[in-house]
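First comes the structure, then the notes that go with it.
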Amino acid sequence: GNQSWSNLQSGIVLDRSSDDAVIEANECFDNADSGLVLSASSRNAIENNALMRNLEAGLRLSLGSADNRIENNQSVSNALYGIQGQRGSGTPNPGDDGHPKRNVFTGNRIEGNGVEPVRVTECDGNSFTSNTFTDINGKLRFQRSLSNRLEGNSIPATLAVRTEGDTNALASTYFRNQ
């Protein structure tokens, strides 16, 4: 793996149809934005990476990134979020609504992030399975997002899960074996 640290933006970025890649066993730390970013990129395997002490998020998905597999990573001590998903401010690929979707997060350790372990906004159909969340404060926050699933994760009793919609956007989160 590689080390990507102290960059003025993010550590590793897959941007605009950077598809079908394997990002494995890297260390992304002390970056001025996020450790690892997927923007409008799909079908990637993100495995066994350490994402630490970044000023934004350990991992950020945006602009319709879809069908990615995020497994056995550590997102630890990032200033804002362990995992962040958002539509983003750019223009999505033609025919896409920009919502990150159908991503699978499995076996990750999310620990000690500043604001919230997970914040996803306008992200649909993502699955969080068998992850370990050790933060005792903050929330797993799902905003204006549909059909995300939490199953078999380790979540402390003090860590809330919050699903937020508004008058113009519905929201739903499904739980199983929590």
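The values are calculated or read from the model by the stated rules, or taken from the named source; none is laboratory data. Keep in mind that what you see is a predicted model, and the values were worked out from it rather than measured. Heads up, the Cβs are rebuilt from the backbone with ideal geometry, glycines too, and the neighbour counts pull from every protein chain shown. Quick note on the areas: whole protein, heavy atoms, side chains included, nothing else; ligands and nucleic acids left out. Shrake-Rupley method; radii C 1.70, N 1.55, O 1.52, S 1.80 Å.
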Checklist line | Proportion of all alpha-carbon pairs of the range 1-99 beyond 21 Å (%) | finding: 25
Notebook entry, point to check: By how many nm would the segment from SER77 to VAL22 lengthen if fully extended, with 0.36 nm per residue of separation less the alpha-carbon distance?
Noted result: 17.4 nm
Checklist line | Extension reserve of the SER147-SER130 stretch, reckoned as 0.36 nm per residue once the Cα distance is removed | finding: 4.4 nm
Margin query: Please compute the per residue accessible area over the chain with all protein chains in place, 1.4 Å probe, rounded to a whole number of Å².
Written below: 46
Next item on the list: Within the set of other residues whose C-beta is less than 12 Å from the C-beta of ASN108, count the net charge using Lys and Arg as +1 and Asp and Glu as -1.
Entry: -1
Margin query: Could you work out what % of the accessible surface of the range 47-178 is carbon and sulfur, using a 1.4 angstrom probe and leaving DNA, RNA and ligands out of the count?
Written below: 46
Notebook entry, point to check: Along the range 168-177, what does the Karplus equation 6.51 cos²θ - 1.76 cosθ + 1.60 (θ = phi - 60°) give for ³J(HN,Hα), rounded to whole Hz, x for Gly and Pro?
Noted result: 9, 9, 6, 8, 8, 9, 10, 10, 8, 6
Next item on the list: Using label points projected 7 Å from each Cα along Cα→Cβ, tell me how many nm separate SER172 and THR91, to one decimal.
Entry: 3.3
Checklist line | Net dipole in debye of the range 93-160 [+1 Lys, Arg Cβ; -1 Asp, Glu Cβ; about Cα centre; nearest 20] | finding: 80
Item checked: Convex hull volume of the chain per residue (C-alpha atoms, cubic angstrom) -> 96
Checklist line | Summed side-chain charge close to THR132 - residues other than THR132 whose Cβ falls under 15 Å, Lys, Arg +1, Asp, Glu -1 | finding: -3
Notebook entry, point to check: Of GLY125, MET52, PHE142, which is farthest along the charge dipole of the range 44-168 in the positive direction, counting Lys and Arg as +1 and Asp and Glu as -1 at C-beta?
Noted result: MET52
Checklist line | Cβ-defined net charge surrounding SER65, 15 Å radius [Lys, Arg +1; Asp, Glu -1] | finding: -1
Check: Relative contact order for the chain: what is it in percent, counting Cα pairs under 8 Å that are at least 6 residues apart?
Finding: 14
Check: About its Cα centre, what dipole magnitude does the range 12-146 give when the only charges are +1 on Lys and Arg Cβ and -1 on Asp and Glu Cβ, stated in debye to the nearest 20?
Finding: 380
Next item on the list: Return the ratio Rg/(2.2 N^0.38 Å) for the range 55-157, where Rg is computed over Cα atoms only.
Entry: 1.00
Checklist line | Rough spin-label spacing in nm, given labels placed 7 Å along Cα→Cβ, for SER6 and ARG69 | finding: 3.6
